[in-house]
Amino acid sequence: MSVVRLLIMVADTNMYVEVGDDGTDIIVEAAAYGVVSSYRSSIGSRALDEAVMLYVRRRYDLLMGERTAEAVRQEMGSALPLEETRTMKLRARHVTEQVPKTIMLTDEEIREALAGCVSTLVDGVRLAIERTRPEFMAEIAERGIMLKGGEVLKNLDHRLTIETGLPVTVME
């Protein structure tokens, strides 16, 4: 009888990963208990944009603005290789010459620029999973992870599935 009661109380457990501007919130919520585990990663869309800006500055000695970095991330940013190679023309100001320069960026370069941030984000999800009690994880293993803000990076849902072994559903 106590086993049945435990199953009823654990029912409706969900794991949410919400990627925002300033960070990623990872929350495990059980209907009978409320939030049972949470973790906040500093990696959000702004950190990803900053990683793109830093990469372009280090690799090409070019300064780009936040809006341009965001556009590059949205167009070519991915957590795994894309089906088709993408390129993008970027016009930015050269650091020392102070004149505009044009380069061609590839999705592979942007993936390289974002690799550290993506790894940190994935590690945060893993840490939240490790902190979650086994009785809650059993249901999460069936239901999977609900990803909100997954459009921040293409294939983020697939990367999380590969790295955690859990199904991931992108929420609208």
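Where a number appears in this text, it was derived from the coordinates with a stated rule and is not lab data. Note that the coordinates shown come from a computational prediction; the quantities given were computed from them, not determined experimentally. Positions of Cβ are backbone-derived with ideal geometry, glycine not excepted, and every protein chain shown enters the neighbour counts.
Points worth noting:
- The alpha-carbon of residue 101 sits under 21 angstrom from the alpha-carbons of these lysines, leaving out residues fewer than 8 places away in its chain: 89.
- FRET efficiency, residue 172 to residue 98 (Cβ-Cβ, R0 45 Å, nearest 0.05): 0.55
- Ordering 103-111, 71-79 by mean Cβ neighbour count within 10 Å, with the highest value first, yields 71-79, 103-111.
- Between residue 131 and residue 143, full extension at 0.36 nm per residue minus the direct alpha carbon distance yields a gain of 2.5 nm.
- Farthest toward positive dipole pole in the range 45-115 [+1 Lys/Arg, -1 Asp/Glu at C-beta], among 105, 81, 60: 60
- Entry note, the chain: the mean residue ellipticity at 222 nm calculated from DSSP H runs of n ≥ 4, each adding -39500 (n - 2.57), is -15000 deg cm²/dmol after division by the residues and rounding to the nearest 500.
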